[in-house]
Amino acid sequence: MVLVHVVPSSRRPVSRLETVIEAERYARLRTTADGFRRRFAGRTIWNVNSTAVGGGVAEMLQGLVGYVEDLGIAIRWLVIHGDADFFSITKRLHNAVHGHGDPAGLDAAAAHHYTHVLTANAVELLDHVRPGDIALLHDPQTAGLAAPLAEAGATVVWRCHIGADRQTGVTEAAWEFLRPFLSAAHGWVFSRRAYAPDWLDPGRVWVVPPSIDPFSTKNADLDADTVRTVLATIGVLDVPPAGPPARFGRRDGTVGEVVRPAAVVADGLPGPDDELVVQVSRWDRLKDMTGVMRGFADHVADHRPRYLALVGPAVTNVADDPEGATVYADCLLQWRALPPAARARTLLVTLPLDDTDENATMVNALQRHASVVTQKSLAEGFGLTVAEAMWKGRPVVGSAVGGITDQIAAGTGVLLDDPTDLAAFGATVRHLLDHPEERARLGAAAHDYVRANFVGDLHLLRYAEVFGALAP
Ligand code: UDP
């Protein structure tokens with residue numbers, strides 16, 4: 001059985017970054033890439049994760065791998081395969097690293113199964129990875145690959161995209177599970193210093209904030225007519241499409257059109273001028289979609305015609321995220337139980353994932369159309385959705401948890417000190433809806449803040465430092 005899949009290459013012209021980052025930053029990227037290419041000639045960087053679509057890691061790899069390829073550096077992306085038990089263990093680890101859920105099942109039997117699945121994947125990975133190559137392993141799903149790849153002569157870096165502000169009993173249980181696997185890596189990368197467990201050698205721990213690609217289908221500019229056409233086509237706006245189907249560029253260079261409707265659960269649809277509050281997330285408890293729904297219903301919905309769209313992927317049981325279907329079902333139940341007036345202002349939107357670029361155009365249009373974007377997560381390593389919305393000049397109301405506290409600086413959005421305080425959440429959203437000038441001011445500052453801190457060139461420069469320091 002083939003377990004490991006190669007994600008097809010998707011070169012992205014790096015020169016276009018020059019139009020959004022200053023010349024000095026662009027020159028630094030090119031000079032660093034030239035030095036890297038010379039030093040690492042004949043060696044390949046292998047990214048390994050557990051899904052090519054859905055979620056922040058896949059989103060980021062699509063952009064970064066494409067730019068590195070265009071810089072003439074050998075880089076590939078491999079996706080491992082696991083069974084339902086494996087992904088149930090890794091989802092438990094995911095929640096526990098975030099300080100949530102029940103780590104009780106993370107026992108010797110789980111470690112045995114986890115090792116068994118990753119050993120089988122490692123056998124296939126070793127057909128690709130050569131001594132001297134660099135293996136960049138992403139998240140708990142891949143930690144068990146560190147030992148076999150290091151033994152095969154690769155420089156192994158484990159990149160953790162998740163984390164908790166404070167280490168608690170739950171996080172410690174997850175780290176104890178992962179510790180024997182992680183010790184084989186040469187270095188470890190976290191999105192924030194606080195996420196690293198203290199038993200890792202601090203000299204080999206790196207902090208690398210994630211990033212977005214301003215030119216991806218998800219983030220590229222869309223004019224107002226296109227936004228309206230996309231939203232009318234997918235069925236979240238009560239207007240006829242403004243023109244022919246919206247077009248988007250696929251990663252393989254072909255052009256597609258947005259034609260598929262979303263599955264929209266709604267008692268009423270917004271008109272083009274009604275204000276829309278949007279949260280885009282996987283159906284994951286830590287994103288607290290139901291909390292957003294209740295906060296909106298109790299504190300925002302009855303003020304003028306304003307709507308909430310909770311948006312997530314249609315595939316609610318994406319292989320590596322087994323809780324999605326249950327979380328969505330819970331949202332649906334709670335939506336049915338809303339008072340009719342609030343229900344008529346609340347939309348549950350599940351976007352088709354058949355074509356990832358079509359899906360990205362839908363997310364892009366929804367984020368651009370939003371008057372306010374929320375990310376009321378209970379835990380968040382780094383919220384790509386936050387950076388995406390800020391890049392689009394949207395005012396973001398985000399929980400002051402994890403990476404979001406680094407992403408929203410004063411005057412670039414609003415942080416919620418206590419994400420479980422629904423009255424405060426509702427009051428903040430209502431205040432912004434009532435003050436369009438403040439929204440515009442925050443949105444403009446948000447865009448500049450993302451440009452200065454979270455565009456992919458900075459991410460790549462940090463990786464070059466990490467690999468430069470760790471590789472022989
Ligand atoms: N996303 C998407 N379609 C969806 C829901 C989410 O493309 O229906 C994307 C979203 O735009 C973002 C990523 O998935 O790029 C989620 O990343 P984030 O860091 O916010 O959260 P994660 O899923 O990694 O916990």
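The values are calculated or read from the model by the stated rules, or taken from the named source; none is laboratory data. A quick note: this is a predicted structure, and the numbers were derived from the prediction, not measured. Note: ideal-geometry Cβ built from the backbone for every residue, glycine included; neighbour counts use all protein chains shown.
Residue under question is P436, and the condition is that it be surrounded by fewer than 19 Cβ atoms within 10 Å (Cβ to Cβ) and modelled with pLDDT under 95; does it hold?
For P436, the condition - surrounded by fewer than 19 Cβ atoms within 10 Å (Cβ to Cβ) and modelled with pLDDT under 95 - is not met.
Just need a number here: residues in the range 263-280 that are crowded, with 23+ Cβ neighbours inside 10 Å and out of contact with any Phe, Trp or Tyr (no Cβ under 7 Å at 6 or more places or on another chain).
3
For residues that are within 18 Å of T350 (Cβ to Cβ) and within 25 Å of the chain's Cα centre (by Cα), tally how many sit in the range 257-275.
Summing the residues that are within 18 Å of T350 (Cβ to Cβ) and within 25 Å of the chain's Cα centre (by Cα) in the range 257-275 gives 8.
When you check V156 against the structure, is it of a type in the set (A, V, I, L, M), touching a helix residue (DSSP H, G or I) at 6+ places or on another chain (Cβ under 9 Å) and assigned to a strand (DSSP E or B), yes or no?
Taking the combined requirement at face value, the residue satisfies it.
Taking the range 11-50 on its own, how many of its residues are in a loop (DSSP other than H, G, I, E, B), of a type in the set (S, T, Y) and surrounded by fewer than 20 Cβ atoms within 10 Å (Cβ to Cβ)? Break it down stepwise before answering.
So in the range 11-50, the residues in a loop (DSSP other than H, G, I, E, B) come out as 11-13, 20-22, 40-44, 50.
Cutting the leftovers down to of a type in the set (S, T, Y) gives us 44, 50.
Next, from what is left, pick out any that are surrounded by fewer than 20 Cβ atoms within 10 Å (Cβ to Cβ): 44.
Counting residues in the range 11-50 that are in a loop (DSSP other than H, G, I, E, B), of a type in the set (S, T, Y) and surrounded by fewer than 20 Cβ atoms within 10 Å (Cβ to Cβ) gives 1.
Need the failing condition index for P8 against (1) modelled with pLDDT under 95; (2) within 16 Å of the ligand (Cβ to nearest atom), just the number.
Here P8 clears every test but (2).
Look at the range 161-212 and say how many of its residues are in a helix (DSSP H, G or I) and either more than 16 Å from the ligand (Cβ to nearest atom) or aliphatic (A, V, I, L, M) (or both). Before you say what the answer is, go through the steps one by one.
Taking the range 161-212 first, the residues in a helix (DSSP H, G or I) are 169-182, 193-195, 202-204.
Narrowing further to those that are either more than 16 Å from the ligand (Cβ to nearest atom) or aliphatic (A, V, I, L, M) (or both): 169-182, 193-194, 202-204.
Counting residues in the range 161-212 that are in a helix (DSSP H, G or I) and either more than 16 Å from the ligand (Cβ to nearest atom) or aliphatic (A, V, I, L, M) (or both) gives 19.
I'm trying to understand the selection: among the residues of the range 379-399, which are over 15 Å from the mean Cα position of the chain (by Cα) and either in a strand (DSSP E or B) or within 12 Å of the ligand (Cβ to nearest atom) (or both)?
If we filter the range 379-399 for residues that are over 15 Å from the mean Cα position of the chain (by Cα), which is where we start, we get 392-397, 399.
Passing the criteria: K392, V396, V397, S399.
Could you list all residues from the range 386-405 that are in contact (Cβ under 8 Å) with a residue 60 or more places away in the chain and on the phi > 0 side of the Ramachandran plot?
Matches in the range 386-405: G402 only.
Cβ contacts < 9 Å: first residue touching a residue at least 60 places away in the same chain (Cβ under 8 Å) and under 14 Å from G235 (Cα atoms), restricted to the range 351-373; second residue hydroxyl-bearing (S, T, Y) and near the ligand (Cβ under 9 Å from one of its atoms), any location; separation 6+ or different chain. Result?
Within 9 Å, the pairs are V363/T385.
Does T374 qualify as being among the polar types (S, T, N, Q), on the phi < 0 side of the Ramachandran plot and touching a strand residue (DSSP E or B) at 6+ places or on another chain (Cβ under 9 Å)?
On the way: among the polar types (S, T, N, Q): yes; on the phi < 0 side of the Ramachandran plot: yes; touching a strand residue (DSSP E or B) at 6+ places or on another chain (Cβ under 9 Å): yes.
So T374 fits the description; yes.
Do you know which of the residues in the range 1-60 that are hydroxyl-bearing (S, T, Y) and without any contact (Cβ under 8 Å) to a residue 60 or more places away in the chain is farthest from D139 (Cα to Cα)? If you could, list the steps in order and put the result at the bottom.
Here is the first cut: in the range 1-60, the residues hydroxyl-bearing (S, T, Y) are 9-10, 15, 19, 26, 31-32, 44, 50-51.
In the following step, the residues that additionally are without any contact (Cβ under 8 Å) to a residue 60 or more places away in the chain were identified as 15, 19, 31.
Numbers: S15: 30, T19: 32, T31: 30 Å.
Among those that are hydroxyl-bearing (S, T, Y) and without any contact (Cβ under 8 Å) to a residue 60 or more places away in the chain, it is T19.
Output the residues belonging to the range 218-256 that are farther than 12 Å from L351 by Cα, surrounded by 16 or more Cβ atoms within 10 Å (Cβ to Cβ) and of a type outside the set (V, I, T).
Matches in the range 218-256: K218, N219, L222, R228, A232, L237, P241, A242, A246, F248, R251, G256.
Any residue in the range 120-136 that is touching a residue at least 40 places away in the same chain (Cβ under 8 Å) sitting within a Cβ distance under 7 Å of a residue that is assigned to a helix (DSSP H, G or I)? List the pairs, counting only those 6 or more apart or interchain.
N121/L145; L125/L145; L125/L149; V129/L149; I134/F467; A135/L149
Here are some residues: L137, L145. Which one is within 18 Å of H5 (Cα to Cα) and in a strand (DSSP E or B)?
Details: L145 fails: in a strand (DSSP E or B).
Among L137, L145, only L137 is within 18 Å of H5 (Cα to Cα) and in a strand (DSSP E or B).
Failed condition for Y307, given (1) within 23 Å of D223 (Cβ to Cβ); (2) assigned to a loop (DSSP other than H, G, I, E, B); (3) not polar (S, T, N, Q), with all others met?
Y307 satisfies every listed condition except (2).
Does A301 fit the bill of being in contact (Cβ under 8 Å) with a residue 40 or more places away in the chain, buried (at least 20 other Cβ atoms within 10 Å of the Cβ) and away from the ligand (no atom under 14 Å from the Cβ)? Spell out the reasoning first.
Details: in contact (Cβ under 8 Å) with a residue 40 or more places away in the chain: yes; buried (at least 20 other Cβ atoms within 10 Å of the Cβ): yes; away from the ligand (no atom under 14 Å from the Cβ): yes.
The answer is yes for A301.
Taking the range 128-169, which residues are surrounded by fewer than 23 Cβ atoms within 10 Å (Cβ to Cβ), more than 18 Å from V466 (Cβ to Cβ) and modelled with pLDDT of 95 or more?
Answer for the range 128-169, where residues must be surrounded by fewer than 23 Cβ atoms within 10 Å (Cβ to Cβ), more than 18 Å from V466 (Cβ to Cβ) and modelled with pLDDT of 95 or more: H128, R130, P131, A147, P148, E151, A152, G153.
Quickly run through the range 356-378 and pick out the residues that are within 11 Å of the ligand (Cβ to nearest atom) and part of a helix (DSSP H, G or I).
Scanning the range 356-378 gives T356, D357, E358, N359, A360, T361, M362, V363, N364, L366, Q367.
So, in the range 326-365, of the ones that are small (G, A, S) and either touching a Gly at 6+ places or on another chain (Cβ under 7 Å) or closer than 23 Å to A297 by Cβ (or both), which residue ends up surrounded by the fewest Cβ atoms within 10 Å (Cβ to Cβ)? Please lay out each step first, then the result.
Of the range 326-365, the ones small (G, A, S) are 329, 337, 341-342, 344, 360, 365.
If we keep only those that are either touching a Gly at 6+ places or on another chain (Cβ under 7 Å) or closer than 23 Å to A297 by Cβ (or both) too, we end up with 329, 337, 341-342, 344.
On the way: A329: 12, A337: 9, A341: 12, A342: 19, A344: 16.
Only one residue fits best here, namely A337.
Whether any residue in the range 406-417 is free of Cβ contacts under 8 Å to residues at least 12 places away in the same chain, assigned to a loop (DSSP other than H, G, I, E, B), more than 14 Å from the ligand (Cβ to nearest atom) and within 19 Å of G99 (Cβ to Cβ) is what I want to check. Let's see the steps before the verdict.
Initial filter on the range 406-417 (free of Cβ contacts under 8 Å to residues at least 12 places away in the same chain): 410.
The next check asks that each one be assigned to a loop (DSSP other than H, G, I, E, B); those that pass are 410.
The next check asks that each one be more than 14 Å from the ligand (Cβ to nearest atom); those that pass are 410.
Filter once more, so that each one left must be within 19 Å of G99 (Cβ to Cβ): none.
The answer is no, given that none of the residues of the range 406-417 is free of Cβ contacts under 8 Å to residues at least 12 places away in the same chain, assigned to a loop (DSSP other than H, G, I, E, B), more than 14 Å from the ligand (Cβ to nearest atom) and within 19 Å of G99 (Cβ to Cβ).
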